[in-house]
1. Looking at the structure I just gave you, is HIS108 in a strand (DSSP E or B), touching a residue at least 12 places away in the same chain (Cβ under 8 Å) and crowded, with 16+ Cβ neighbours inside 10 Å?
2. State whether the residues of region 42-52 include one that is over 23 Å from GLY141 (Cα atoms), touching a His at 6+ places or on another chain (Cβ under 8 Å), at pLDDT 95 or above and not aromatic (Phe, Trp, Tyr).
3. Which one is nearest to LEU146 (Cα to Cα) among residues in region 56-94 that are of a type in the set (S, T, N, Q) and assigned to a loop (DSSP other than H, G, I, E, B)?
4. Of the numbered conditions (1) touching a residue at least 40 places away in the same chain (Cβ under 8 Å); (2) touching a helix residue (DSSP H, G or I) at 6+ places or on another chain (Cβ under 7 Å), VAL18 satisfies every one except a single condition; which is it?
5. With the requirement that a residue be modelled with pLDDT under 95 and over 19 Å from ASP8 (Cα atoms), what does region 66-107 give you?
6. Just name the residue that is nearest to the chain's Cα centre (by Cα) out of those in region 50-76 that are closer than 21 Å to GLN5 by Cα and of a type in the set (Gly, Ala, Ser).
7. Can you tell me which residue within region 1-32, out of those that are outside any strand (DSSP E or B) and aliphatic (A, V, I, L, M), is surrounded by the fewest Cβ atoms within 10 Å (Cβ to Cβ)?
8. Give region 33-55 a look and list any residue that's assigned to a loop (DSSP other than H, G, I, E, B) and either of a type in the set (Lys, Arg) or under 23 Å from ALA117 (Cβ atoms) (or both), or say none.
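The values are calculated or read from the model by the stated rules, or taken from the named source; none is laboratory data. These numbers come from a predicted model, not from an experiment. Reconstructed Cβ throughout: ideal geometry from the backbone, glycine too, with neighbour counts over all protein chains shown.
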Amino acid sequence: MRIGQGFDVHAFGDGDHVTLAGVRVPHHRGVIAHSDGDVVIHALCDAIFGALALGDIGQHFPPSDERWRDADSRQFLRHAATLMAQHGYALGNADITVICEAPKVGPHALAMRENLAADLHSEIGRISVKATTTEKLGFCGRGEGLAAQVCVLLERR
């Protein structure tokens, strides 16, 4: 078995939605990012890359590379899934926490889990998506941005 953890954060900017786990979630702000700014997938990729000892998402998809400007982060996750399989591992489970005061994650959690399960070739029951606030403390609490933290367990195939 291998365990990995990931964390990602993006500041809010202009826009009318945020993308979380590939789901377009209506919101009065967007995020400032090189790609689509999907904190869930970015943290999940980092957790997988970490568990495989393959660096971080910035090494695989550098923000300095224009190929990744406005990219759909699901392609990053599919790459992580390919590397997982090539190294002989499958997802044991992923525990994902979105940290924000808004938007509300709960109404979209099932669609998020479905996307992640499809991209990781996994059962939906192996993926948890939940949310918490910071009780109005810190940058998330002030509504300046949002974050995600992820823990994964990879199992040898």
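1. It is false that HIS108 is in a strand (DSSP E or B), touching a residue at least 12 places away in the same chain (Cβ under 8 Å) and crowded, with 16+ Cβ neighbours inside 10 Å.
2. Within region 42-52 (the criterion being over 23 Å from GLY141 (Cα atoms), touching a His at 6+ places or on another chain (Cβ under 8 Å), at pLDDT 95 or above and not aromatic (Phe, Trp, Tyr)), the answer is yes, since at least one residue qualifies.
3. SER73
4. Among (1) touching a residue at least 40 places away in the same chain (Cβ under 8 Å); (2) touching a helix residue (DSSP H, G or I) at 6+ places or on another chain (Cβ under 7 Å), the lone unmet condition for VAL18 is (2).
5. Listed by number, the residues that qualify are GLU66, ARG67.
6. Restricting to residues being closer than 21 Å to GLN5 by Cα and of a type in the set (Gly, Ala, Ser), the top hit is SER73.
7. Filtering first and then ranking leaves MET1.
8. SER35, ASP36, GLY37, ASP38, LEU52, LEU54
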